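The values are calculated or read from the model by the stated rules, or taken from the named source; none is laboratory data. What you see is a predicted model; the values in this text were computed from it and never measured. All Cβ positions, even for glycine, are placed from backbone atoms using ideal geometry, and neighbour counts span all protein chains on display. These accessible areas exclude ligands, DNA and RNA; they are computed on the full protein's heavy atoms, side chains included. Shrake-Rupley method; radii C 1.70, N 1.55, O 1.52, S 1.80 Å.
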Amino acid sequence: MAVAGTLGPRLDRERFQWSSLLMLAPGSVLLLVLFLGPVLYALYIGFTNLALVGSRSRDYSFTGLENVTRMLGDYVFIKSSWLTILFVVGSAIVGQSVLGMLLAILLRNAVVPIRAVVGSVVIVAWVLPEITVALIWYAFSQAGGTLSILLGHTSSNYLVLVPMLIVSLANLWRNVAFSMLVFSAGLRNLPSEVLEAAEVEGASVFRRYRLVILPLLRPTIVTNLLLVTILNLSEFTLIYAMTQGGPGIETTTLPIYVYQEAFVFHQLGYGTAISLVLVLIGAFFSLLFVRASRSQV
Amino acid sequence: MRNPGKRFGVWSALLTSLSVALMACGGGSNNPSSTSLSDDMTGTITVAYSTTYVFDSDDTSVIWWDKVKKEFEAAYPKAHLTLQGFNGTDVDLVNKVALEYKNPATTPDVFMLPTGYVGQWVGSDYLLPLDSFVNDSSKAPFWKSFPKVIQDESRISGKVYAVNTGENNSAIYYNTSMLTNAGISVPWAPKNWNDLLTAARAVKKSGQNVVAFWAPAGTSAGAGGVLQGSANMVYGSSTPTIFDYKTNKWVVDSPGLREVFQFYKSVYSEGLGGSTSDLFSPKAVGRPVVLLKDHQMAIAIGSNWFADAWTEQNRHWATAAQEASAVPLPTSKGQAPGSASTLGGWAVAISKVTKHPQLSWGLIKVIQSDDNQTYIANRAGFVPPSQTVAHSDGFLNFAPPFNKAFGDALPNSKLVPSEQEGYPAWVQGIGQATGQIATDPSTSVDAAIKILHDTVANQVGADKVETLK
């Protein structure tokens, strides 16, 4: 005991200094006021019948699970959730990640001029403001637009015929650069000795990718999936500028439906409740990916 | 090992107290009892309005509001007017200003808003009743020149809450020579919807390669697109009811609605209508103005402001008066009253929380001067509420002969029930139903009725919709 005393406080446990609270205070206050406050307020509003204008903009009340019950019977909400998942899985998780990976691999093996040209073109699409991308793809997919000329049906308006496919492609076109950059960086950082060893051992290209490169890239892939899911789940500008959720409700993903409920139908409470569902979907995907990244090779 | 439980305890305590505080804030909105009308006529008042959606061009909006500000500050030397213009559409304006009204400190004193929203603003208890002003002819010299239908437009539970500054109504525009080329004699006077279809079919058959008939469809142009499009057809149908005030329910199925959808089916299945690229464009409301001017369209359901949009100051179509004409939209089978149109416009209201009710009324008086009313009617494309202005040369000679045609159509024009909270849902429903027919003309009338029914019932509840026989 006495010996232990002379050694000073134990270092294998976390120590707490009250003075550190002072240092943490400014950051904590900002976090509370600017982040947690609004989050909690939204959580509360999501369980009320608050309206933007009209009598319930003043006399609103806590309505318990009413918004949740309404959601379950709301065919637009159900279709909208399905479209959101389709959009995120199709355009972002599969489309953007697979194409991004392919581009990264092809560019890695390409000669320098091709790498520079293709890389710049892909990145330019990403650097363009979203609204510009929306207008480009709007014009591209209209009757008489480039797409209809390429396909030989100049009177077909593809934004009306296959609206979800067109907005998904537009989103993919814009965002693929992000995945490509992430994967390129990942590929560059692979240890060359492992790759060389696999090559010397006579592994085919396919086997090298399947057994060596992709497993080594796993953390990069998971990070990419996590980021693209979160970014695409809340995609609003592109879809709204192209279709406003139409025709009908064919492209009404959850962010568009939240906007409609809150700012077209003036149902702030119900709109907020739907946005909470969006957060839950995002949290679910994030947990899935975080788990996947933990079970390391 | 950390003790996550302990940390959670600290955080949860913090969060609980914060959320309680927030809930207290949320619930504790102000509730002004009654506003005193006394005013020292000194200080600053603010007016909120749309810079981009009312006038035909943004620069005329700036000119008019600057003129109003100058005249107001000259009339009330100790007062100052802050102009608070908002960009975007009518929906954007209403959303942004609705957020301002959440707090008395950011609430504008005067708000120029679409007439359809006055009811909802009153429902929020945001507006000052204006009866003591409008009933005093020294304070409201213009009021007696308003027709009763316009005086009553913003009268809710017996009280007047807003003063109209201009109306929009609709009729049929047509290109004279295109109809002549198709063998239709002009001046054309369609008596029923069949006459409309006959003319459109003749135009298509004549091979002029133009849009034969513009029947607005889809949701992209929002409430404005429906007001200036399909809602007119509903009012011209055999059951011209959108909202049933007797039962307080939305009409989602009626013989009239079925007539409207059948008419749309004829237009789109026979290839008489516009392209989906034009119909579903966010600029759909303005497309017929351009297509008529560019000689690419023969007949269009259109709003009175088109004519002002063709004047020299705007999208100049110098020969519009010679090349085009306007006639009232007939009723479906020619039934009384023979023609139909929607009616909707803009009005100015005073906020209940204002500290300067008299100054705010002073601003409305300036806005309502004959001079300012003539300017806004001409440059924003309004039918003026004041009959003095409506019959003045300054208005009638601005865009002849169209201004007169729409002025004459005013008696048969009816308000849409936009003061009801479910109106945006009805707009969405009819937009989706007509849009579906334009996209796929094989859509049955039953299917279109189902879209309208489902969309409205989903928002307002199945117990708030009904079928009229």
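Sketch the reach of a paramagnetic label on residue B:462 as a point 7 Å from Cα along Cα-to-Cβ, and name the residues of segment A:68-101 whose backbone nitrogen lies under 17 Å away. Those under the cut-off are A:69-78. Taking a point 7 Å from the Cα of residue B:312 along the Cα-to-Cβ direction, the residues of segment B:391-416 with backbone N closer than 19 Å to it are B:393-403. Residues of segment A:119-141 falling in the label zone of residue A:190, defined by backbone nitrogen less than 17 Å from a point 7 Å along Cα to beta-carbon, are absent. Here the gap between residue A:59 and residue A:165, fully extended at 0.36 nm per residue and compared with their Cα-Cα distance, gives a gain of 33.9 nm. With a 1.4 Å probe rolled over the protein heavy atoms of all chains, the accessible area of A:32, A:233 falls in the order A:32, A:233, largest first. Taken along the Cα-to-beta-carbon direction at a fixed 7 Å, the label points for residue A:66 and residue A:11 span 6.2 nm. Measuring between their Cα centroids, segment B:227-260 and segment A:12-44 lie 56 Å from each other. Once B binds A, the 1.4 Å probe can no longer reach about 3400 Å² of accessible area, counting both sides. Each Lys or Arg adds one and each Asp or Glu subtracts one; over the other residues with Cβ under 13 Å from the Cβ of residue A:186, this totals +3. Protein-only accessible surface at a 1.4 angstrom probe places the residues B:306, A:35, A:178 in the order A:35, A:178, B:306, largest first. Per residue of peptide A:56-62, the mean number of Cβ atoms on other chains within 10 Å of the residue Cβ is 5.
Structural descriptor for segment A:66-275: relative contact order 30 percent, calculated from alpha carbon pairs under 8 angstrom and at least 6 residues apart.
Within the listed set A:41, A:240, A:257, the Gaussian network model of chain A (springs between alpha-carbon atoms below 10 Å) gives the highest mean-square fluctuation for A:41. On the basis of the beta-carbon distance and an R0 of 30 Å, residue A:23 and residue A:288 show a calculated FRET efficiency of 0.25. The modelled label-to-label distance between residue B:67 and residue A:121, using points 7 Å beyond Cα along the C-beta direction, is 5.5 nm. Annotation: residue A:218 carries an accessible surface of approximately 80 Å², with a 1.4 Å probe and no ligand, DNA or RNA atoms counted. Rolling a 1.4 Å probe over the heavy atoms of the protein chains gives the protein assembly as shown an accessible area of 45 Å² per residue. Measuring only protein heavy atoms, the 1.4 Å probe finds residue B:382 accessible over about 0 Å².
With a 10 Å cut-off around each Cβ of B:275-287, the average count of Cβ atoms from other chains is 4. Using a probe of 1.4 angstrom, how much of the accessible area of chain A is carbon and sulfur, in percent? For chain A, the apolar C and S fraction of the accessible surface comes to 72 percent.
Amide H of residue B:414 versus every other amide H placed in the peptide plane: which residues, excluding those fewer than 5 positions away on the same chain, fall under 5 Å? Residues meeting the criterion, in which the H sits 1.01 Å from N, are B:341, B:342, B:343.
Give me the percent of accessible area attributable to carbon and sulfur for segment B:253-395, probe 1.4 angstrom. Result for segment B:253-395: 51 percent of the exposed heavy-atom area is carbon or sulfur.
Solvent-accessible surface of protein heavy atoms, probed at 1.4 angstrom with all chains present, puts B:434, B:388 in the order B:388, B:434, largest first. Counting, for every residue in A:241-250, the Cβ atoms of other protein chains within 10 Å of its Cβ and taking the mean gives 6. Taking A:207, A:174, A:115 as the candidate residues, the one with maximal mean-square fluctuation in a Gaussian network model of chain A, Cα springs under 10 Å, is A:207. Taking chain A as a Gaussian network, where each spring joins two C-alpha atoms under 10 Å apart, which residue of A:54, A:95, A:282 fluctuates the most? Maximum among the listed residues: A:54. Taking the helices alone, the protein assembly as shown has a mean residue ellipticity at 222 nm of -15500 deg cm²/dmol, built from -39,500 (n - 2.57) per DSSP H run of at least 4 residues and averaged over all its residues.
Under the combined filter of DSSP loop state and at most 11 neighbouring Cβ atoms within 10 Å, segment A:190-285 retains these GluC sites (Glu not before Pro): A:201.
Surface calculation, 1.4 Å probe, protein heavy atoms: residue A:214 sits at approximately 70 Å² accessible.
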